[in-house]
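J.: Encoded as structure tokens, here's the structure I'll be asking about.
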Amino acid sequence: MINTRVVSRRFTLTALAAVTFLANGALAQTPAPTFRLLTFEAGSSGPRIGATRGSGEQEVVDVHNAILALIKAGAPEIKGLAPVPPDMLSLIEAGAPSVAAVRTVHDAVTRLKSSGRFTDGATHRVFYPERGIRYLPPVPNPSKIYGAAGAYLRKNADGTPGTYDNVEYPSFFLKPPSSMTGHESEIDFDGLLTTGVHEPEMAVIIGKLAKDVPADKAMDYVLGYSIFNDVSARDLGEGKHQSQGSVISKGLDTFSPMGPYLTLKEDVPNVGNLEVYANLDGVRHKWPVPNGNTSFLTFNVAQQIAYLSERHTLLPGDIISTGVPQPTVPLKEGQTVEIVIEGLGTLRNKVVSKPAPGHVKFPARKVAKD
């Protein structure tokens, strides 16, 4: 005769074991948060190379202080480690082995801390909370910043193509590196304007010298991606000659916020299908045409690189901001804007207007009208 209590108990134990196995398997398969590179300051440290995972949930690691900690601990990961230069641009120029070394250092020192064998000190500090640092642009000193214009498909309400949907070549302008600022910093009108637009854009960071690169090889020259706000003035007093283009209205100090992170190419497998949008004071902006995704780029990343490298030599650390879905995100003083790109994080800045004390604005010349 079958003992139903024994059978029931065995079934329960078997079910519990199966649930435990499945749960452990699921945990084992959970991917680690995305690895990020950044440039930051802590106090008066000056620019430092940082690394973290996720989007602010984990601490930021000071990479060079982490190397010192690993050496002191006799960590095996230090053996054969490629050199890690002192700043982001030099790191990019050093190439893939040095960039990979930063990931190795971050993960090794994080494991060391988790093991309880590491205690951070006041000097040569390794770990910082996100709120304990000042974010700088991930690449603070590129040789060139390109902005793409009319770069997204923008069908009209009647379904006809937008003005730049069917064009022979992409359009670009240059922004001065002095216009760059970082995550959580201020966009400053400096008393020069009152209206403009935020332009949420995905930025491409070039990883090695590129000249005459065909589109089918172009992605080999990409190091990674970041978030870029191509801020544009609309009522700034400026010259009218067509040669000036948008270099003045888009090139004011702080008009190129970028960050918070540089996410490596290998960690963004779907760069041609990333959602792009903005939040204004916590309210999501709605694109008039539903094209807020990198899949709507008129010329994709590889094509943009091929076009530019045929005309200019692209250097390591150069930035290509790939364009805005539509320049419709209003810019005004007092506002906080968040630029969000799927998989890359959130870039946040506040808009202010702080004229330099005692400065007298350049006067507009009186011009006789016909």
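The values are calculated or read from the model by the stated rules, or taken from the named source; none is laboratory data. Worth saying up front: this structure is predicted, and the values here are computed from it rather than measured. Neighbour counts are summed over all protein chains in view; Cβ atoms, including those assigned to glycine, are modelled from backbone coordinates with ideal geometry.
J.: Which condition number does ARG348 fail, the rest of (1) among the charged types (D, E, K, R); (2) buried (at least 18 other Cβ atoms within 10 Å of the Cβ); (3) not in a strand (DSSP E or B) being met?
T.: Failed condition: (3).
J.: Something else: Could you list, ordered by first residue, the pairs with Cβ atoms under 7 Å in which the first is in the range 288-313 and within 15 Å of PRO200 (Cα to Cα) and the second is of a type in the set (Ser, Thr, Tyr), at least 6 apart or interchain?
T.: PRO288/THR328; ASN291/TYR152; GLY292/TYR277; PHE296/TYR152; LEU297/TYR152; LEU297/THR322
J.: Filter the range 268-283 down to the residues that are of a type outside the set (S, T, N, Q), without any contact (Cβ under 8 Å) to a residue 60 or more places away in the chain and in a loop (DSSP other than H, G, I, E, B), then identify the one that is farthest from GLN335 (Cα to Cα).
T.: PRO269
J.: Turning to a different aspect of this structure: Can you tell me which condition LYS217 does not meet? The list is (1) more than 19 Å from PRO137 (Cβ to Cβ); (2) in contact with a Phe, Trp or Tyr (Cβ under 9 Å, 6 or more places away or on another chain), and all the others hold.
T.: Status for LYS217: all satisfied but (2).
J.: Looking at the range 270-308, which of its residues are modelled with pLDDT under 95 and exposed (fewer than 15 other Cβ atoms within 10 Å of the Cβ)?
T.: PRO288, PRO290 - these are the residues of the range 270-308 that are modelled with pLDDT under 95 and exposed (fewer than 15 other Cβ atoms within 10 Å of the Cβ).
J.: May I ask you to verify whether VAL340 is surrounded by fewer than 22 Cβ atoms within 10 Å (Cβ to Cβ), within 15 Å of the chain's Cα centre (by Cα) and within 16 Å of TYR221 (Cα to Cα)?
T.: No; evaluated as a whole, the condition is false for this residue.
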